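The values are calculated or read from the model by the stated rules, or taken from the named source; none is laboratory data. Keep in mind the model is a prediction, meaning the values are calculated, not measured. Positions of Cβ are generated from backbone atoms using ideal geometry, with glycine treated the same way; all protein chains shown enter the neighbour counts. Heads up: the accessible areas ignore ligands, DNA and RNA and are worked out on the full protein's heavy atoms, side chains in. Shrake-Rupley method; radii C 1.70, N 1.55, O 1.52, S 1.80 Å.
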Amino acid sequence: MMMNGQKVPPLEVAVQLPDSKVAAMENSGTMSGPLMGTTRPFARKAEVLHVALRLLCMATSVAALSFMVTAHQSSSVSIYGFKLPVYSKWSFSHSFMYLVGVSAAVVAHSLLQLLISMSRLLRKSPVITSRSHAWLIFAGDQVFAYAMIGAGAAASGVTNLNRTGIQHAPLPNFCKPLHYFCDHVAVSIAFTFFSCFLLAALAVHEVMWLSKSKY
């Protein structure tokens, strides 16, 4: 570069950013090159979906538990012209008691996981913190899913026997005089299978997290 007839060496201009701005750019991921820290395997929408599935699973489990424990009714039937009182309650069947116990355990499990996930979501932290955490809740969801489907299948067998009755018996349809009881049991079983489906969906969600996670 020439100035007043004299050759002047070119100027080198260096711009130095403050350390605070460099650190902010590194944390936000706007600079190229390796970044410090870990990235989320799941986007924020996927984490919200995980929490929503957990909330829905807890709601269906509460519904299954509530409908079953309120299943009781007194009535009377006529057999060969004689009026006989009948009374039915969920605690009279071991299958129904098993469904109540498993549903209560799923409610407790879902509530605990929901509280943990919601607190992390509100703090804008990852809902699933590590691979060990993902494996732990995956194992829990799998175990409870199998337990729920077993409870629903056992309760369905008893309910089907109540509706069809025993052949050549004077009371072939037990649910006819006790329709309120049988309806509550049927709704409880439906919510039980729905809870099993939601637990399976959560397990698939956690498997996807494990497949994308690198830490």
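Examine the stretch 74-92 for a residue that is of a type outside the set (A, V, I, L, M), within 21 Å of residue 199 (Cβ to Cβ) and open to solvent by less than 60 Å² (accessible area, probe 1.4 Å), and state whether such a residue exists. Break it down into steps so the answer makes sense when it comes.
Step one: filter the stretch 74-92 for residues of a type outside the set (A, V, I, L, M), giving 74-76, 78, 80-83, 85, 87-92.
Remaining after also requiring within 21 Å of residue 199 (Cβ to Cβ): none.
Looking for residues that are of a type outside the set (A, V, I, L, M), within 21 Å of residue 199 (Cβ to Cβ) and open to solvent by less than 60 Å² (accessible area, probe 1.4 Å), one finds none in the stretch 74-92, hence no.
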Q) What is the residue count in the stretch 116-139 for residues that are in contact with a Lys or Arg (Cβ under 9 Å, 6 or more places away or on another chain) and assigned to a loop (DSSP other than H, G, I, E, B)? A) 5
**Q.** Residues of the stretch 178-196 satisfying the condition of being among the hydroxyl-bearing types (Ser, Thr, Tyr) and open to solvent by 10 Å² or more (accessible area, probe 1.4 Å)
**A.** 180
Q) Only one of 171, 210, 199, 114 is at pLDDT below 85 and open to solvent by less than 30 Å² (accessible area, probe 1.4 Å); which? A) 210
Q: Hey, can you tell me all the residues within the stretch 52-64 that are buried (at least 23 other Cβ atoms within 10 Å of the Cβ) and not charged (D, E, K, R)?
A: 57, 60, 61, 64
